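The values are calculated or read from the model by the stated rules, or taken from the named source; none is laboratory data. Everything quoted here is computed from the prediction, not taken from an experiment. Heads up, the Cβs are rebuilt from the backbone with ideal geometry, glycines too, and the neighbour counts pull from every protein chain shown. Side chains included, ligands, DNA and RNA excluded: accessible areas come from the protein's heavy atoms. Shrake-Rupley method; radii C 1.70, N 1.55, O 1.52, S 1.80 Å.
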Amino acid sequence: MDAVYLVGPASTDELRYSLRSLALLGCVDRLVVVGHRPVWCRPDLHIPVQPPRPGKHFSTWANLRTAAHHPEVSPQFVLMNDDFFVLHRMDRPPVWHRGPIAGQVANHRRTGNRRMLNRRLGVDELLDAIGVPGRLDYELHVPLLVDRAAMRDVIALAEQVRTVRMEPVGKRTLYGNYARIGGTQVEDVKIRDFRAIPSAELPFVSTSDYSFRQGTVGRWIRKRFPVPSRYEEGGRRG
């Protein structure tokens, strides 16, 4: 099964360490990089994509759509970001969600985070527009097991009703509800705090650019994964 990374031109050294952690996912036997490929990275398949317009989410949407339509990508794949790190050996990632979208909406109203509030409401409206009844939020910073055909179909449905100006966010939530993957409710594993590190039982962790570069968690990850992977130039292959 492929691990599919959606990589933008601003990708940092997090990708290098994420790839080193990928060896802990037993179901993965191939690396696919979609979008930008750093010069040191040696994937099994690189699919270059020209972003349709500036903006992180427009870029990742185009990359994901390309992966979903590409015949050389495995029928099921693990969707990864360059700041996801696998911490414990497992066959395949568990299915997790953040609970109902309504709970995230209420939280954003309470904290006054209008940007995230508008994003959640937009995704909720989009699910309604394409006729998907589920309302679970899958916007977690963890690997996601994806059926390529289902992802391709929900992207096509979303693009029929989404306006050109709408920021294409909520990709995981659209897919998770369309494919009815269910899952277990958990808290997100993203660490943005300067001093925090993941608890011992967590199978994954994710970082921000700041916490990886300067925080305790970045030093913790670099120490945990010192050996180059086979996907790095100079790394041992096979």
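In table form, for the structure just shown:
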{"quantity": "Residues of the chain: accessible area per residue with a 1.4 Å probe, Å²", "calculated": "49 Å²"}
{"quantity": "Spin-label proximity, MET1 to the range 71-104 - amide N less than 13 Å from point 7 Å beyond Cα toward beta carbon", "calculated": "74-80, 90-96"}
{"quantity": "The chain: equivalent-ellipsoid semi-axes (sqrt of 5 x gyration tensor eigenvalues, Cα, Å)", "calculated": "27, 22, 17"}
{"quantity": "Bins of 5 Å from zero: percent of alpha-carbon pairs in the range 62-188", "calculated": "2, 10, 20, 23, 21, 15, 6, 2, 0"}
{"quantity": "Nearest-10 value in Å² for the accessible area of TYR5, using the 1.4 Å probe", "calculated": "0 Å²"}
{"quantity": "Heavy atoms of LEU22 accessible to a 1.4 Å probe, total area in Å² rounded to 10", "calculated": "10 Å²"}
{"quantity": "Percent accessible area from carbon and sulfur atoms, the range 97-238, protein chains only, probe 1.4 Å", "calculated": "50 percent"}
{"quantity": "Projected label distance in nm at MET90 and GLN50, using a 7 Å step from Cα toward the beta-carbon", "calculated": "3.9 nm"}
{"quantity": "Chain lengthening between GLU201 and THR12 when straightened (0.36 nm per residue, less Cα-Cα)", "calculated": "65.4 nm"}
{"quantity": "Whichever aspartates and glutamates have a C-alpha closer than 20 Å to that of LYS190, once near sequence neighbours (fewer than 8 apart) are set aside", "calculated": "ASP13, GLU14, ASP82, ASP83, ASP137, GLU139, GLU201, ASP209"}
{"quantity": "Normalised alpha carbon radius of gyration of the range 6-93 [divisor 2.2 N^0.38 Å]", "calculated": "1.06"}
{"quantity": "Cα-centred dipole magnitude for the range 1-156, charges only on beta-carbon of K, R (+1) and D, E (-1), debye, nearest 20", "calculated": "480 debye"}
{"quantity": "Distance (nanometres) between label positions extended 7 Å along Cα→Cβ at ARG230 and ASP153", "calculated": "3.4 nm"}
{"quantity": "Inter-label distance for GLU125 and GLN160, nm, one decimal - labels placed 7 Å from Cα along Cα-to-Cβ", "calculated": "1.9 nm"}
